[in-house]
Amino acid sequence: MPGDAPATISPPARVTTQLAQLVVIPALIVAAAIGAWMLFVWIAGANESLKDQVVRLRGCSSGGRGPLGVQNPAYKDCWRAAFNVANLIGQIEDADDRRDLHENLVEILGAPGDEDASLLQTYLLVAVGRLGQPGGIEVLLRWLAAPQPGSRRGALKGLRLWPDHDLPRLQRASRRALSQLRRLLNDVDADVASRAAAALGELATAEDEDVRASLQEALESAGPARRNVRWHAAISLARLGDERGTAVVAGKLLDRDQLAREADGVTGDAAKRQMQSITQDDIMLGALMFAADYTGDEIFDKISRLAESDPSPNVKKAALKVLLVRRKKEAGQDP
């Protein structure tokens, strides 16, 4: 989807989820060296083909936990196989092979149930999203109602990884899911709610007044744990041309001084210290990634100042690129 980094899927995160993981590194996609290294070890070490990985998945049981909540030893091999499949999809060019793989993965995935195998399900849902096959959207929408938060997150990630070339179909099919995404803004899992807010900015239009109203409510959600929900709601509202979202993006997410007053994270030690410059950079870069959809002059005034004087070379470069693209569009040139 627009703004996504190169398609490499990361192993399970071991750090607190930040806004950057949802925007700068959306939907489990990373370009970090550790992700590439782990992928090389798992694929090269196993020395298995894509077909071998699917055969391994077919032998997996659905449950990730055994008695007393202890992880099933074979489960790790199962989600690693799903992880590898999700990463290898970019190498599959034959249309029949992609369709066959989709059918296999949907059969392995089954239907949402009560058993907790959410990590395995996440990578399967990501793979379904990356394949972008007919029927895949319906699978992802069905899993938005899964009882496990991890599985709901996986479905949202799959939606955001739907191939760019088929975005119109995704948007048409997802119209009926907007009410479901709106409900997920109040999900007990803050990460699910954050991802739902981001997805609404991707799939809704400025004419969807009920979506804008729900995002405005999310913008007012209380508590440090819901901070990413508020910030993603602001970005989505700004993308939809809403003044309240525009004000938050310009006045908070693109303002280093304002971000410095925030905590570095929402849990643990990070919640006790002021936001560090590297976290500020990630959040500002995340907000800049959707600048093509912004319309508010106050946002572009702020971006112009970042391009002139921000201390971060990466933020400065990104801001300059945004302004260049905007000038080309205004001149009727291909950006």
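Inspection of segment 197-217 identifies no residue that is within 14 Å of Leu141 (Cα to Cα), surrounded by fewer than 20 Cβ atoms within 10 Å (Cβ to Cβ) and in contact (Cβ under 8 Å) with a residue 24 or more places away in the chain. Counting only helices (runs of 4 or more DSSP H) wholly contained in segment 117-177, the ones carrying 1 or more residues that are closer than 21 Å to Gly90 by Cβ and of a type in the set (Ser, Thr, Tyr) occupy 118-131. Taking each residue of segment 175-187 that is over 18 Å from Gln148 (Cβ atoms) and looking for partners that are charged (D, E, K, R) with beta-carbon atoms closer than 8 Å, six or more apart or interchain, yields Leu178/Asp208; Leu178/Asp210; Ser179/Asp210; Arg182/Asp210; Leu185/Glu217. Candidates in segment 82-114 are the residues that are in contact with a Pro (Cβ under 8 Å, 6 or more places away or on another chain) and part of a loop (DSSP other than H, G, I, E, B); of these, the one that is farthest from Glu138 (Cα to Cα) is Asp114. Of everything in segment 248-285 that's of a type in the set (Gly, Ala, Ser), assigned to a helix (DSSP H, G or I) and at pLDDT 95 or above, which residue is farthest from Lys317 (Cα to Cα)? It comes out as Gly251.
Is it fair to say Ile303 is surrounded by fewer than 18 Cβ atoms within 10 Å (Cβ to Cβ) and within 16 Å of Val315 (Cα to Cα)?
In short, no.
Scanning segment 244-261 turns up no residue that is under 30 Å from Gly135 (Cβ atoms), in contact with a helix residue (DSSP H, G or I) (Cβ under 7 Å, 6 or more places away or on another chain) and crowded, with 17+ Cβ neighbours inside 10 Å. I need the full set of residues from segment 304-335 which are closer than 20 Å to Ile278 by Cβ, assigned to a helix (DSSP H, G or I) and either touching a Phe, Trp or Tyr at 6+ places or on another chain (Cβ under 9 Å) or among the hydroxyl-bearing types (Ser, Thr, Tyr) (or both), in order please. Hit for segment 304-335 is Ser309, nothing else.
Being of a type outside the set (Phe, Trp, Tyr) and either in contact with a Phe, Trp or Tyr (Cβ under 6 Å, 6 or more places away or on another chain) or loosely packed, with under 14 Cβ neighbours inside 10 Å (or both): is that true of Asp297 here?
It is true that Asp297 is of a type outside the set (Phe, Trp, Tyr) and either in contact with a Phe, Trp or Tyr (Cβ under 6 Å, 6 or more places away or on another chain) or loosely packed, with under 14 Cβ neighbours inside 10 Å (or both).
Count of segment 86-113 residues, restricted to those that are within 17 Å of Pro163 (Cβ to Cβ), surrounded by 14 or more Cβ atoms within 10 Å (Cβ to Cβ) and small (Gly, Ala, Ser), is 1.
Identify, please: which residue in segment 256-314 is touching a residue at least 24 places away in the same chain (Cβ under 8 Å) and β-branched (Val, Ile, Thr) and is, among those, farthest from Lys328 (Cα to Cα)? My answer is Thr267. Of all the numbered requirements in (1) over 24 Å from Ala263 (Cα atoms); (2) part of a helix (DSSP H, G or I), Thr295 misses one, and that requirement is (2).
The values are calculated or read from the model by the stated rules, or taken from the named source; none is laboratory data. If you're wondering where the values come from, they're calculated on a predicted model, not measured in any experiment. Reconstructed Cβ throughout: ideal geometry from the backbone, glycine too, with neighbour counts over all protein chains shown.
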